[in-house]
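Just below is one structure, and these are the notes that go with it.
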Amino acid sequence: MYKVEINNVSKSFGQLNTLDDVSLELKENQFVTILGPSGSGKSTLFNIISGLLIPDKGEVLIESEVYTGRTGRVSYMHQKDLLLPWKNILENVCLPLNLKGYSIKEAKIKALNYFKLFGLEGFEKNYPNQLSGGMRQRASLLRTYLFSNDIMLLDEPFGGLDAITKRTMQQWLLEVFEDLKASILFITHDIDEAIFLSDKVYVLSERPASVKAEFEVNIARPRSLDTFTCKEFNEMKKDILDLL
Amino acid sequence: MKKSGSIENKLIPISFFTILIFIWELVARLELVPAYILPGPIRIIKTLFMNLPVLKEHIIVTSLEAIAGFVISAIFAIAICLLMDSITIVKKAIYPLIIVSQTIPIITIAPLFAIWFGFGYLPKVVIVVLVCFFPITISLLEGLSSVDEDLLNLIKSMGANKIQTYKMVKLPAAMPSFFSGLKIAGTYSIMGATIGEWVGGKRGLGVYMLRVKHSFATDKVFATIIVITLLSILLLKVIGIIERKSMPWIYKQELENTEEYK
């Protein structure tokens, strides 16, 4: 059974064809990346999966159930951290729990369990603007995880970070991914990032976006910095580059 | 570096201001201008303190009118803004009306309120409400509509309903802009009350001002102007304190920054 299935989804905004017959699948505990040029409609696809947008054609299945146009099932993390500046980090990550009906105290107890894993220990009472970009993204990821811990949509979460922080965050995400038992759909336009993190990569074409090719990444986990220079990595990178 | 810079920033305007006051005092002392036209600053301050017992009653009346009007106005503004922001058709109907209403100079309709509401406190409060309403409404409305669309989508994707969206995102996000509106309204409120009192009444700084004007006690007119100015500043400060208390996330960041500069 697939966690998420997108079947023949098309979407246009007025004259602008954004998605053209896109289909993809995400299995349980899988890390799947959607790789495509900027402005190719990747975020539109995520908006459709999360239920914020309704596709013109096609359907979204989550655990074999039709979820087209229904919000509140999968969690969605944006390139911007989108933390609320008026709430401290603990209150921020508790937000989805509060919306789900947890009491403030229960939510805090649940959230605090994860602060160490997410490298946020000691910063519970800080406001977002007192934290570095990397920490804010980790807090944002924790909030995403607490909302829906089985299916997470990550939309270029490291896109706004500098190269060094980005590399550290990628490694950290891989480590956390082993612990979290989540299924992740990940958007990026960075080929290295796509191969390094994923089990499977979908390559999208330019607008209107359609699936150009899919690659299974058979590089053993756990992966490390050496992965970036190994043979399989470079071969796959070459294949993808040829395609784009 | 930064510290000496900030001292310089304060020192220059203060010394310039002192020089101006000094020239003013000199002009008065040398009797270049007669005292009933321009009394010197020292004389004005003396008059102010000597008249304080009389002024006290008027200060209280004017302040109460201003504060009452200000609070009522803020409550109205919040209610209207929430309506306009959540229901598009209400915004389309009311918003142009609010903008157009601002072209009517309030001072020209003040006599009308005297006819309708008499010479008690009510017409003054109504004027203050009208004067304060516009800046609060416009700034709050702008604050509510300037919330990051992605943030709203995020909280929507988490299944938040309309009330939760306002409580958790929209209202806090609109706070800074709301407070800048409150500050403008605060300075207007004392002025509004004074204008209301000019049209007619028994007590208040506006009434007192007219009375001393008729007897050509120019030093007392100046003393009243100082009192009105100080009241406006005081109100501004109070709003500023409330602002800091209600937005600790901005205040905390400031603290952090000043520590960094040390």
- Task: Could you tell me which numbered condition residue B:205 fails, if it satisfies all but one of (1) under 18 Å from the mean Cα position of the chain (by Cα); (2) under 25 Å from residue B:179 (Cα atoms)?
- Result: (2)
- Note on the structure: Checked the stretch B:76-86 for anything free of Cβ contacts under 8 Å to residues at least 40 places away in the same chain and surrounded by 12 or more Cβ atoms within 10 Å (Cβ to Cβ); matches are B:83
- Of the criteria (1) facing chain B (nearest Cβ under 10 Å); (2) touching a Lys or Arg at 6+ places or on another chain (Cβ under 9 Å); (3) buried (at least 18 other Cβ atoms within 10 Å of the Cβ), which one residue A:111 fails: (1)
- Within the stretch B:20-28, is even one residue among the hydrophobic types (A, V, I, L, M, F, W, C) and either in the same structural domain as residue B:135 (by TED's automatic domain parsing) or surrounded by 14 or more Cβ atoms within 10 Å (Cβ to Cβ) (or both)? yes
- Query: So which residues in the stretch A:89-108 are closer than 13 Å to residue A:147 by Cα and either more than 14 Å from chain B (Cβ to nearest Cβ) or not basic (Lys, Arg) (or both)?
  - Reply: A:92, A:93, A:94, A:95, A:96, A:97, A:98, A:99, A:101, A:102, A:107
- Query: Just a yes or no: is a residue in the stretch B:233-242 buried (at least 20 other Cβ atoms within 10 Å of the Cβ), touching a helix residue (DSSP H, G or I) at 6+ places or on another chain (Cβ under 6 Å) and within 26 Å of residue B:118 (Cα to Cα)?
  - Reply: no
- Item | Counted residues, the stretch A:151-168 - those being touching a strand residue (DSSP E or B) at 6+ places or on another chain (Cβ under 9 Å) and at pLDDT below 85 | 1
- Task: Please specify each residue of the stretch A:208-230 satisfying the condition of being of a type in the set (D, E, K, R) and closer than 18 Å to residue A:241 by Cβ.
- Result: A:212, A:214, A:216
- Please verify whether the stretch B:32-50 includes one or more residues that are surrounded by fewer than 10 Cβ atoms within 10 Å (Cβ to Cβ), in the same structural domain as residue B:228 (by TED's automatic domain parsing) and either modelled with pLDDT of 90 or more or within 28 Å of the chain's Cα centre (by Cα) (or both). no
- Determine which single condition residue A:76 fails, assuming it passes every other condition in (1) more than 8 Å from chain B (Cβ to nearest Cβ); (2) buried (at least 21 other Cβ atoms within 10 Å of the Cβ). (1)
- Message: I'm trying to understand the selection: among the residues of the stretch A:53-73, which are surrounded by 18 or more Cβ atoms within 10 Å (Cβ to Cβ), facing chain B (nearest Cβ under 10 Å) and more than 19 Å from residue A:107 (Cα to Cα)?
- Response: A:53
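Among the residues of the stretch B:133-148, is any within 14 Å of chain A (Cβ to nearest Cβ) and touching a strand residue (DSSP E or B) at 6+ places or on another chain (Cβ under 7 Å)?
no
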- Message: I want to confirm something. Restricting to the stretch B:166-189 and keeping residues that are within 21 Å of residue A:94 (Cα to Cα) and more than 10 Å from chain A (Cβ to nearest Cβ), which single residue is surrounded by the most Cβ atoms within 10 Å (Cβ to Cβ)?
- Response: B:170
- Message: So for the stretch A:219-233 (the condition being in contact with a strand residue (DSSP E or B) (Cβ under 8 Å, 6 or more places away or on another chain), charged (D, E, K, R) and not in a helix (DSSP H, G or I)), does at least one residue qualify?
- Response: no
- Message: Looking at the stretch B:216-232 only, could you name the residues that are over 17 Å from the mean Cα position of the chain (by Cα) and buried (at least 16 other Cβ atoms within 10 Å of the Cβ)?
- Response: B:217, B:218, B:219, B:220, B:221, B:222, B:223, B:224
- Kindly check whether there is at least one residue in the stretch B:154-163 that is away from every other protein chain (no Cβ under 14 Å), surrounded by fewer than 19 Cβ atoms within 10 Å (Cβ to Cβ) and not in a helix (DSSP H, G or I). no
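Against the definition (in contact with a helix residue (DSSP H, G or I) (Cβ under 9 Å, 6 or more places away or on another chain), surrounded by 15 or more Cβ atoms within 10 Å (Cβ to Cβ), among the charged types (D, E, K, R) and assigned by TED's automatic domain parsing to the domain that holds residue A:12), how does residue A:190 come out, yes or no? Give the derivation first.
Working: in contact with a helix residue (DSSP H, G or I) (Cβ under 9 Å, 6 or more places away or on another chain): yes; surrounded by 15 or more Cβ atoms within 10 Å (Cβ to Cβ): yes; among the charged types (D, E, K, R): yes; assigned by TED's automatic domain parsing to the domain that holds residue A:12: yes.
Considered against the rule, which asks whether it is in contact with a helix residue (DSSP H, G or I) (Cβ under 9 Å, 6 or more places away or on another chain), surrounded by 15 or more Cβ atoms within 10 Å (Cβ to Cβ), among the charged types (D, E, K, R) and assigned by TED's automatic domain parsing to the domain that holds residue A:12, residue A:190 comes out as yes.
Table: residues versus (1) touching a Phe, Trp or Tyr at 6+ places or on another chain (Cβ under 7 Å); (2) modelled with pLDDT of 90 or more.
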{"site": "A:16", "(1), (2)": "no, no"}
{"site": "A:21", "(1), (2)": "no, no"}
{"site": "A:34", "(1), (2)": "yes, yes"}
{"site": "A:38", "(1), (2)": "no, no"}
{"site": "A:41", "(1), (2)": "no, no"}
{"site": "A:47", "(1), (2)": "no, no"}
{"site": "A:50", "(1), (2)": "yes, no"}
{"site": "A:61", "(1), (2)": "yes, no"}
{"site": "A:67", "(1), (2)": "no, no"}
- Is it true that residue A:84 is within 14 Å of chain B (Cβ to nearest Cβ), at pLDDT below 90 and either part of a loop (DSSP other than H, G, I, E, B) or in contact with a helix residue (DSSP H, G or I) (Cβ under 7 Å, 6 or more places away or on another chain) (or both)? no
- Would you mind stating whether residue A:143 is out of contact with any Leu (no Cβ under 9 Å at 6 or more places or on another chain), charged (D, E, K, R) and within 12 Å of chain B (Cβ to nearest Cβ)? no
- Quickly run through the stretch A:109-140 and pick out the residues that are aliphatic (A, V, I, L, M) and not in a loop (DSSP other than H, G, I, E, B). A:109, A:111, A:112, A:135, A:139
- Query: Within the stretch B:87-125, can you find the residues that are under 13 Å from residue B:140 (Cβ atoms) and polar (S, T, N, Q)?
  - Reply: none
- Message: Cβ-Cβ under 8 Å, sequence separation 6+ or interchain: first residue in the stretch A:141-153 and assigned to a loop (DSSP other than H, G, I, E, B), partner of a type in the set (A, V, I, L, M). Which pairs?
- Response: A:148/A:74; A:149/A:180; A:149/A:182; A:150/A:182
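The values are calculated or read from the model by the stated rules, or taken from the named source; none is laboratory data. Here the structure is a predicted model, which means the values were calculated and not measured. Positions of Cβ are generated from backbone atoms using ideal geometry, with glycine treated the same way; all protein chains shown enter the neighbour counts.
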